[in-house]
1. What ranking do 103-115, 121-133 get when scored by the average of other Cβ atoms within 10 Å per residue, highest first?
2. List the pair-distance distribution P(r) of the stretch 132-224, using every Cα-Cα distance, as the percent of pairs falling in each 5 Å bin from 0 up to the bin containing the longest distance, rounded to whole percents.
3. Given 10 Å bins starting at zero, what is the percent of C-alpha pairs of the stretch 335-406 in each, up to the one with the largest pair distance?
4. Sorted by packing (mean other beta-carbon atoms within 10 Å per residue), highest first, where do 176-188, 150-162 land?
5. Evaluate the distance, in nm, between pseudo-label points positioned 7 Å from the Cα of H175 and of E374 along their respective Cα→Cβ axes.
6. With charges set only on the Cβ (+1 for Lys and Arg, -1 for Asp and Glu), what does the dipole of the stretch 139-214 come to about its Cα centre, in debye to the nearest 20?
7. Please report the spacing between the Cα centers of the stretch 228-268 and the stretch 123-188 in Å, no decimals.
8. So how far apart, in nm, are the two label points at K383 and S133 if each is 7 Å from Cα heading toward Cβ?
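Here, each number is a calculation from the coordinates, and none is a lab measurement. Predicted model only: the values in this text are computed from it and were never measured. Positions of Cβ are backbone-derived with ideal geometry, glycine not excepted, and every protein chain shown enters the neighbour counts.
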Amino acid sequence: MTITSPKHDESLQTPNDSELLIKEARRKARLRHLQLGCIFGLILLLVFVTILVIGGSGKPPTRSNGKPSGKISGTGHKSSQSSTPVLLPSSFYPQQTLDLVTPDEGWMISPNSNLIMVTHNGGSTWSTSYEESATLQSDNGFIRSVNFVNVDDGWALINYKGLVATTNGGRTWSHILDPSVGPIATFSFSSSQDGWALTDKGTLLQTTNGARTWQVVSTPAVGASICTTPQGTVWLGDNANGNVYISRNGAAWNLALLGKSVPANANSIGPPPVRPAPWISCSGSTAWLLYNYGEGAGSMPYVVERTLNSGKSWKIVLSSEVPHSSPRATPGISATVVNFGATGPTAAWLSGYCGPCTTGLATLSTTSNASTFENHAFVVGQKHYVLPIALSFLSSDNGWALIRETKLQGINAIYSTTKNVLERTSNGGRSWSVINPDVR
């Protein structure tokens, strides 16, 4: 039996105009749905990848064996200005430009940054110990920091040229070029032979022979700030998320403070910013951290944290414009912090200035009990714009400060004359006296 298919009605095979329009609309709708589905899928993929990246960065730090990856000659590389640093110099804590090692003996980088000057009478007079040829346009040759461990052994960092070292109190200096892994950005010595350094890419280096050779030390994160002690304790600040790590001679690292546990800047717009690497000052099992959130509109929000037990517990002891911290009545620098340090478990200081102010208002804030800060004023001239450019404390009582005074002339506040005044305190900054009115 033959079965034949019924013939379709002719009208079904020849659609009219309205049906064609409906079909075309449906086709376009399906196309739009397909496009939206692709876009939505792409968004889901991006979210998934972001979660993986964030999750990976949030993993706890791994312990390193601390073994150096190789010995690097301290004279095998001359850094160049063409290198691309991961961390700019401004990412690091303030460099040391004034260093008193006894009440009489000390060294200072000159205000124009091309001389290392020495004093043998507590700062009353200074003489040239080392001179470097500097180029203003490129910062090439500027002396950035100086570090003495006693009256004989010291080092200084020269932009794009490496370290210079002395073993006779600065009577003669020898050049030590940057290591081959990159130029040194900051350094710290605890004895005549033992020192640590960070390159401009955040690589941690160790020397045990006075910087003649360096060893690369494994770290759990890219370093941005360091502090070391003669006992072998190494503190490392991480610029990616504000974490702080602690190690014994770089052999094994522990997470000492999680950056996200530090209060965020209350004045920031949008999501809380990533915590920067803190400025670190340390002594034995004590460490002081200053989280600097950057200057804006003449002020700089910050937080000072302190531990007395190698990072097992922390306390916020000072803050500015940051919630959930010190009471509003707590003194502290209310504008821009430019110097910070500690001289022991209970004594710390920070100094700053008021950028928008036309005269005065350079402040020092100190503590002698590790908790309560007091504000003090430097000796400054009338109608002068002042900036504390260098501080050095030999103990909680004895300190020196180099203050830059710029006299304002006329109603337009033209900067006419500038001089650098060296002051000294013997009572922890409560009062200051001028010992050199014009350091040159």
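1. Per-residue mean Cβ counts within 10 Å order the peptides as 103-115, 121-133.
2. Taking all Cα pairs of the stretch 132-224, the binned fractions are 3, 14, 25, 25, 17, 11, 4, 1, 0 percent.
3. For the stretch 335-406, the binned pair fractions read 21, 52, 23, 4 percent.
4. 176-188, 150-162
5. So the two model labels end up 4.9 nm from each other.
6. With only Lys, Arg, Asp and Glu charged at Cβ, the dipole is about 100 debye.
7. Cα centroid to Cα centroid, the span is 27 Å.
8. 4.3
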